[in-house]
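Colleague: This structure is in structure tokens; I'll ask about it shortly.
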Amino acid sequence: MVEDITFLLANEAATVDFGKQLALAADGKGIFYLEGNLGAGKTTLCRGVLQVLGHQGSVKSPTYTLVEPYELANHKVYHFDLYRLGEPEELEFLGVRDYLQDDNLCLIEWPERGEGFLPIADLTVTLSYRSQGRTVRLTAHTEKGHQVCQRITR
């Protein structure tokens, strides 16, 4: 069932817009792994996701807090940045299972740092640099992820 689709994003504004499309295609729910080098645009994409779901403030990567909760009018979004996670077992102390509920949207940067404690992602979003802009690849791992890919390509 794994499905891969790739999009070209011309600039930062296109990355924000793509995040908006992604959130709408997912109905504001799911588990998304965000992969890419430092500065690839993972948090920029999250900004678009959060804006379209009703967040009006700034969005920063939760590098030191590991998780930033956003309790919006109709959605609960949890933005994780596991870059500074020492051991995957630390996720148990964060209460990660409480966040990973079906009605929530979990955006997880650096998911490989939580390997063994994180469930399979609905969708892996891989951002990479191009000479101009970025490339984003969506890889669906579940039926939910497949549905998001289908909706975003319409």
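Colleague: From the phi angles alone, apply the Karplus equation (6.51, -1.76, 1.60; θ = phi - 60°) to the range 137-146 and give each ³J(HN,Hα) in whole Hz, x where the residue is Gly or Pro.
Modeller: Ordered by residue, 3J(HN,Hα) equals 10, 9, 10, 8, 10, 9, 4, 4, x, 4 Hz.
Colleague: For the range 6-142, what is the charge dipole size about the Cα centre, in debye to the nearest 20, if Lys and Arg each add +1 at the Cβ and Asp and Glu each add -1 at the Cβ?
Modeller: Its charge dipole is roughly 620 debye.
Colleague: Go through the range 124-134 residue by residue and turn each phi into a ³J(HN,Hα) via Karplus (6.51, -1.76, 1.60, θ = phi - 60°); whole Hz please, and just put x for glycine and proline.
Modeller: 9, 10, 10, 9, 9, 6, 10, 4, 10, x, 9
Colleague: Which lysines, on any chain, are close to residue 76 with Cα under 18 Å apart, when same-chain ones fewer than 8 places away are left out?
Modeller: Partners within reach: 20, 29, 60, 144.
Colleague: With a cut-off of at most 10 other beta carbons within 10 Å, and DSSP calling the residue loop, which GluC sites (Glu not before Pro) in the range 99-154 qualify? Please list them.
Modeller: 115
Colleague: Read phi for every residue in the range 27-32 and hand back ³J(HN,Hα) as whole Hz from Karplus 6.51 cos²θ - 1.76 cosθ + 1.60, θ = phi - 60°, with x for Gly and Pro.
Modeller: 6, x, 9, x, 10, 10
Colleague: What does the helix-only formula give at 222 nm for the chain: each DSSP H stretch with n ≥ 4 adding -39500 (n - 2.57), the total divided by the residues, and the result rounded to the nearest 500 deg cm²/dmol?
Modeller: Calculated at 222 nm, the ellipticity per residue is -8000 deg cm²/dmol.
Colleague: Return the Cα extents of the range 64-154 along principal axes one, two and three, sorted largest first, each rounded to a whole Å.
Modeller: Cα spread of the range 64-154 along its principal axes, largest to smallest: 39, 33, 25 Å.
Colleague: Here's a follow-up. Counting just the Cα atoms, what span does the chain cover along each of its three principal axes? Round to the nearest Å and put the largest first.
Modeller: 39, 34, 30
The numbers here are math on the coordinates, done by the rules we state, and not lab data. Since the structure is predicted, the reported quantities are computational estimates derived from the model, not experimental observations. Glycine also receives a Cβ, built like all others from the backbone with ideal geometry; neighbour counts cover every protein chain displayed.
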